[in-house]
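S.K.: Please read through the structure below; I'll follow up with questions.
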Amino acid sequence: MPGFELFSDLERKEVSDVLDNGVLMRYGFDGMRKGHWKAKELEAELTKAFQIKHVQLVSSGTAAVSVALASAGVGAGDEVIMPTFTFVASFEAIMMLGAIPVLVDIDDTLTLDPQAVENAITSKTKAVMVVQMCGSMGDMDSLKAICDKHDLIFVEDACQAIGGKYKGKPLGSIADVGCFSFDFVKTITCGEGGAVVTNNSEYYKHADHYSDHGHDHSGNDRGAETHPFLGYNFRISELNAAVGLAQVRRLQEFIAIQKKNYTIIRNELAKLPNITFRRVPEGGEESYAFLNFYLPNLEDARKVSEAFKQNGIDACFHYFDNNWHYIRKWDHLKELKSLFPISKEVREGLKYLESKVFEQSDAYIARNISCLIKLSWSEKEVIERANKMGAIIKSVFA
Ligand SMILES: *Cc1c(COP(=O)(O)O)cnc(C)c1O
């Protein structure tokens, strides 16, 4: 996945344009910039890549989720349904707005179980956020139908699934509003950066203003702009955007490499009797950023994960024992350890986490191993890796 593995003269050239004119700010300074508008150009490239009307770049994927929710009007006391398996950024971005994350079970797609979503809807529910974890996706048609039926905003976090598709549409472009991260380890990297994408012109206008102090960005005179509403600073810099601009032009090349490497390893593991793969919904195509497979039970998954580590198979994750991506070890959330006071409404809204057990999520995550697919491996390395992984798994079951 990490786009940084293949940095080239293309990235260097874009960055050097920015350093030459000295304008690191994405807005204004028209006279000094020698025609270089890296953030604007990257937004234009992303509208093509994601087949979407509007793209607003922001400073991170976490910022993208907050800005996306704020742009759709999600705020204090609103409940946002999200999966138990995701990066901690998902609940951070919700809580930043004074809203309440409502965690629900995942299914064998490794993201939202539509039935669990339906069961969690209350009069306070405002949005449902699917997180397209590890290069694949949820049952988008079912989730969309639930959102339509209950008049909820459908949000798609596609930070880990750049380049994946569902029924021909790029992941991130399917829900009412989508979010991407271009941080240091994502398929396309800006160093730090993210994007809010939508076909809704109103949400886009909100995201554009909100991510830059509420400035309306009308006319050329920054000082004369008005503030239709309050905002913050979630801007991306021209330097970060320049890196992403070179990277997005290589997206198809990156996806093809991921697919090739993924397929070699998958075909090898498919020969083993004890391995099954993560379900990809019908009509879905993964981004191939990760290969996800299931072992028969927790004990086997722990053994395989340990044996991978001992034998130099890096970048494979057993999320059940990891504290970044799964509810089981999010003690700081469960105990609501906040630096500053949190509203009574959010405290009460999160009380369920003190005692709730997510048996169904546990059943999938306990057995899952997720292996990062790198871009820089040679074909020889991938084949060796695939054979070694197969041999290790066989030895665990011997
Ligand atoms: C990386 C990631 C984020 C956060 O992105 P940052 O740019 O690191 O803030 C959010 N959600 C998911 C699923 C991610 O993988």
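The values are calculated or read from the model by the stated rules, or taken from the named source; none is laboratory data. The model shown is predicted, which means the values in this text are computed figures rather than measured ones. Cβ sites come from the backbone with ideal geometry, for glycine too, and all protein chains shown count toward neighbours. What goes into the accessible areas is simple: the full protein's heavy atoms, side chains included, and nothing from ligands, DNA or RNA. Shrake-Rupley method; radii C 1.70, N 1.55, O 1.52, S 1.80 Å.
S.K.: Please work out which one of (1) under 25 Å from Asn199 (Cα atoms); (2) of a type in the set (Asp, Glu); (3) away from the ligand (no atom under 16 Å from the Cβ); (4) buried (at least 19 other Cβ atoms within 10 Å of the Cβ) is the condition Glu156 fails and give its number.
M.R.: (3)
S.K.: Also, quick follow-up: Of all residues being in a helix (DSSP H, G or I) and charged (D, E, K, R) in segment 342-359, which is nearest to the chain's Cα centre (by Cα)? Just the residue, please.
M.R.: Glu359
S.K.: Additional query: Could we say that His206 is open to solvent by 10 Å² or more (accessible area, probe 1.4 Å) and either within 21 Å of Asn233 (Cβ to Cβ) or within 12 Å of the ligand (Cβ to nearest atom) (or both) here?
M.R.: So His206 fits the description; yes.
S.K.: Then there's this: Could you please find all residues in segment 84-97 being more than 10 Å from the ligand (Cβ to nearest atom), free of Cβ contacts under 8 Å to residues at least 60 places away in the same chain and buried (at least 24 other Cβ atoms within 10 Å of the Cβ)?
M.R.: Ile94 - this is the single residue of segment 84-97 that is more than 10 Å from the ligand (Cβ to nearest atom), free of Cβ contacts under 8 Å to residues at least 60 places away in the same chain and buried (at least 24 other Cβ atoms within 10 Å of the Cβ).
S.K.: Could you tell me whether segment 244-267 includes any residue that is part of a helix (DSSP H, G or I), within 16 Å of the ligand (Cβ to nearest atom) and not polar (S, T, N, Q)?
M.R.: yes
S.K.: Can you tell me which residue is farthest from the ligand (Cβ to nearest atom) among those in segment 136-152 that are within 22 Å of Asp78 (Cβ to Cβ) and open to solvent by less than 10 Å² (accessible area, probe 1.4 Å)?
M.R.: If we take residues in segment 136-152 being within 22 Å of Asp78 (Cβ to Cβ) and open to solvent by less than 10 Å² (accessible area, probe 1.4 Å), then Cys147 is farthest from the ligand (Cβ to nearest atom).
S.K.: Considering only residues of segment 174-193 that are of a type in the set (Gly, Ala, Ser) and open to solvent by 10 Å² or more (accessible area, probe 1.4 Å), which is nearest to the ligand (Cβ to nearest atom)?
M.R.: Going through the qualifying residues, I end up with Gly191.
S.K.: Any idea how many residues of segment 22-44 are modelled with pLDDT of 95 or more and either under 25 Å from the mean Cα position of the chain (by Cα) or in a helix (DSSP H, G or I) (or both)?
M.R.: So the answer is 8.
S.K.: Quick one: Val55 ticks every box in (1) in contact with an Asp or Glu (Cβ under 7 Å, 6 or more places away or on another chain); (2) open to solvent by 30 Å² or more (accessible area, probe 1.4 Å) except a single one, so which number is it?
M.R.: Result: Val55 fails condition (2) only.
S.K.: Restricting to segment 306-320, name every residue that is surrounded by 20 or more Cβ atoms within 10 Å (Cβ to Cβ) and either aliphatic (A, V, I, L, M) or in contact (Cβ under 8 Å) with a residue 60 or more places away in the chain (or both).
M.R.: Once the filter is applied, which keeps residues that are surrounded by 20 or more Cβ atoms within 10 Å (Cβ to Cβ) and either aliphatic (A, V, I, L, M) or in contact (Cβ under 8 Å) with a residue 60 or more places away in the chain (or both), segment 306-320 yields Phe308, Tyr319.
S.K.: Moving on to the next point. Which of the residues that make up segment 62-83 are within 15 Å of the ligand (Cβ to nearest atom) and under 19 Å from Gly231 (Cβ atoms)?
M.R.: Thr62, Ala63, Ala64, Val65, Ser66, Val67, Ala68, Leu69
S.K.: Picking from Glu345, Glu359, Glu354, which residue would you name as being of a type in the set (D, E, K, R), within 19 Å of His318 (Cα to Cα) and open to solvent by 60 Å² or more (accessible area, probe 1.4 Å)?
M.R.: Matching residue, one of Glu345, Glu359, Glu354: Glu359.
S.K.: Then there is this: So is Glu41 over 30 Å from Leu152 (Cβ atoms), acidic (Asp, Glu) and out of contact with any Asp or Glu (no Cβ under 8 Å at 6 or more places or on another chain) or not?
M.R.: Yes.
S.K.: Return yes when Asn220 is modelled with pLDDT of 95 or more and open to solvent by 10 Å² or more (accessible area, probe 1.4 Å) and no when it is not. Quick ask: steps written out before the conclusion?
M.R.: Details: modelled with pLDDT of 95 or more: no; open to solvent by 10 Å² or more (accessible area, probe 1.4 Å): yes.
In short, no.
S.K.: Please find, among Lys259, Lys271, the residue that is outside the structural domain of Phe29 (by TED's automatic domain parsing) and more than 20 Å from the chain's Cα centre (by Cα). It would help to see each step written out before you state the result.
M.R.: Numbers: Lys259 fails: more than 20 Å from the chain's Cα centre (by Cα).
Lys271 is the lone residue from the list that is outside the structural domain of Phe29 (by TED's automatic domain parsing) and more than 20 Å from the chain's Cα centre (by Cα).
S.K.: If only one of Asn240, Asn233, Asn267, Asn200 is surrounded by 20 or more Cβ atoms within 10 Å (Cβ to Cβ), at pLDDT 95 or above and not charged (D, E, K, R), which one is it?
M.R.: Asn240
S.K.: For segment 105-135, which residues satisfy the criterion of being open to solvent by less than 10 Å² (accessible area, probe 1.4 Å) and either outside the structural domain of Leu152 (by TED's automatic domain parsing) or within 20 Å of Gly75 (Cα to Cα) (or both)?
M.R.: Across segment 105-135, the qualifying residues are Val117, Ala127, Val128, Met129, Val130, Val131.
S.K.: Is it true that some residue in segment 45-59 is of a type outside the set (Ser, Thr, Tyr), in contact with a Pro (Cβ under 6 Å, 6 or more places away or on another chain) and assigned to a loop (DSSP other than H, G, I, E, B)? Lay out the reasoning, then the answer.
M.R.: Step one: filter segment 45-59 for residues of a type outside the set (Ser, Thr, Tyr), giving 45-46, 48-58.
Narrowing the set further to residues that are in contact with a Pro (Cβ under 6 Å, 6 or more places away or on another chain) leaves 50-51.
Filter once more, so that each one left must be assigned to a loop (DSSP other than H, G, I, E, B): 50-51.
Scanning segment 45-59, I find at least one residue that is of a type outside the set (Ser, Thr, Tyr), in contact with a Pro (Cβ under 6 Å, 6 or more places away or on another chain) and assigned to a loop (DSSP other than H, G, I, E, B), so the answer is yes.
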